[in-house]
1. Mind listing whichever residues of the stretch 152-175 are at pLDDT 95 or above, outside any strand (DSSP E or B) and surrounded by 14 or more Cβ atoms within 10 Å (Cβ to Cβ)?
2. Just one of the numbered conditions (1) open to solvent by 30 Å² or more (accessible area, probe 1.4 Å); (2) under 10 Å from VAL196 (Cβ atoms) is not true of ASN133; which one?
3. Looking at GLY304, GLY267 in this structure, which one is open to solvent by less than 20 Å² (accessible area, probe 1.4 Å), within 21 Å of TRP39 (Cβ to Cβ) and not hydrophobic (A, V, I, L, M, F, W, C)?
4. Among the residues of the stretch 180-239, count how many are among the basic types (Lys, Arg), outside any loop (DSSP other than H, G, I, E, B) and surrounded by fewer than 17 Cβ atoms within 10 Å (Cβ to Cβ).
5. List the number of the failed condition for ARG224; all other conditions in (1) touching a helix residue (DSSP H, G or I) at 6+ places or on another chain (Cβ under 9 Å); (2) basic (Lys, Arg); (3) farther than 30 Å from GLY331 by Cα hold.
6. Do we find that ILE246 is assigned to a strand (DSSP E or B) and over 19 Å from PHE169 (Cβ atoms) in this structure?
7. Residues in the stretch 203-211: is at least one over 28 Å from THR126 (Cβ atoms) and at pLDDT 90 or above?
8. Looking only at the stretch 280-299, count every residue that is surrounded by 12 or more Cβ atoms within 10 Å (Cβ to Cβ) and free of Cβ contacts under 8 Å to residues at least 24 places away in the same chain and tell me the total.
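The values are calculated or read from the model by the stated rules, or taken from the named source; none is laboratory data. All values derive from a computational prediction rather than experimental measurement. FYI the Cβ positions are ideal-geometry reconstructions off the backbone, even for glycines, and counts take in every protein chain you see. Quick note on the areas: whole protein, heavy atoms, side chains included, nothing else; ligands and nucleic acids left out. Shrake-Rupley method; radii C 1.70, N 1.55, O 1.52, S 1.80 Å.
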Amino acid sequence: MNLKRFILTTFLLMLFFPGVTCAKEEPIIYTVKQGDTLWDISQRFIKDPYYWPNLWSNNPAIGNPHLIYPGQKLRIYDGRIEIIPVGEATSEVAAAVVTPEEIFLIPTYGGARSFVSNGEVASLGTLVDTVDNRVLISEGNTVFLEMQNLAATKPGDVYELFTLGEKLFHPAEEKKFGHQLSDHSIGFQTIQLGTVEITEVTPTVAVATVIDALQEIQRGAKLRPYRRIPDRIPRLLSETLLEGYILTNDERHLAMGQWDVILIDIGEEDGLQVGNELDLFRERHATEQADKDKKLVLPDIDLGDAIVLEVRPGFAEAMITRTTNLPLYRGDQVRTKVK
């Protein structure tokens with residue numbers, strides 16, 4: 001009888017007071033820093049950048065779904081985030097320490113490699129065949145690769161597969177040459193298809209397995225060594241002021257916005273480094289009502305910020321981390337933030 005009463009009592013406690021039977025979860029108390037977004041914080045602490053709409057919908061006081069104000073406090077649990085109302089005491093002891101180094105790291109969300117320069121084209125490998133007559137190649141299939149440097153290829157190497165898309169021209173060249181641009185391209189946009197891993201190297205071709213297929217893969221696909229973009233990149237200020245142009249973006253959109261990956265015409269030979277922060281801007285011209293006799297030099301139009309993800313000869317890719325109320329376009333300018 002006592003046992004039955006104990007079981008019934010325990011059941012009722014669990015039903016009506018679930019916190020009685022569970023240890024209290026200690027949250028992390030995080031203070032929002034300049035430039036933080038709900039996307040960043042959701043990715044950083046609960047590994048799910050797509051969680052932020054839940055946080056936003058439960059807190060209608062947040063007017064912009066990406067930006068929250070510095071000094072705001074968040075209570076972070078395992079798998080969920082709560083915004084602490086202004087003035088509420090935070091008696092909880094943080095369960096983990098957020099170091100200054102982590103604050104200055106940003107998620108890269110996979111980055112992008114959506115461009116190949118004219119100089120790189122000659123070094124690309126080619127998927128020449130597979131083991132049967134199938135037209136479309138998919139994940140797990142064995143393929144044969146023609147390599148430009150077969151001697152340097154070894155089992156375990158991973159390559160990205162892609163096709164060459166539209167030719168890309170520098171915005172300054174477009175203004176200069178107009179429609180006569182056929183001989184002035186700087187490279188090609190690329191369409192990512194997947195990745196392959198080398199399993200064997202024969203005297204004539206490399207043998208590989210398709211380990212990831214993003215789209216339909218066919219013979220003739222090009223390949224280059226796969227370089228994984230780190231999950232997080234430290235923010236770095238440049239030693240020197242470098243200026244350049246936005247050439248395109250990985251999605252080939254006409255207008256660009258936050259989290260788009262852009263291609264810029266500054267490269268490793270210029271001293272640009274992964275992690276360098278960039279100002280995005282547009283030259284401001286005097287209005288038609290201004291005095292035409294005066295050569296006015298006006299402040300540039302602020303368009304946002306970006307961070308460099310990958311640097312190559314002549315070019316680099318960067319992710320837009322902040323925007324204003326203005327869209328960005330090809331031909332808008334970038335410059336490094338300096339120490």
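1. Across the stretch 152-175, the qualifying residues are THR153, ASP157.
2. (2)
3. Every option except GLY304 fails the conditions.
4. Result for the stretch 180-239: 1.
5. Single failed check for ARG224: (3).
6. no
7. no
8. Number satisfying all stated conditions: 2.
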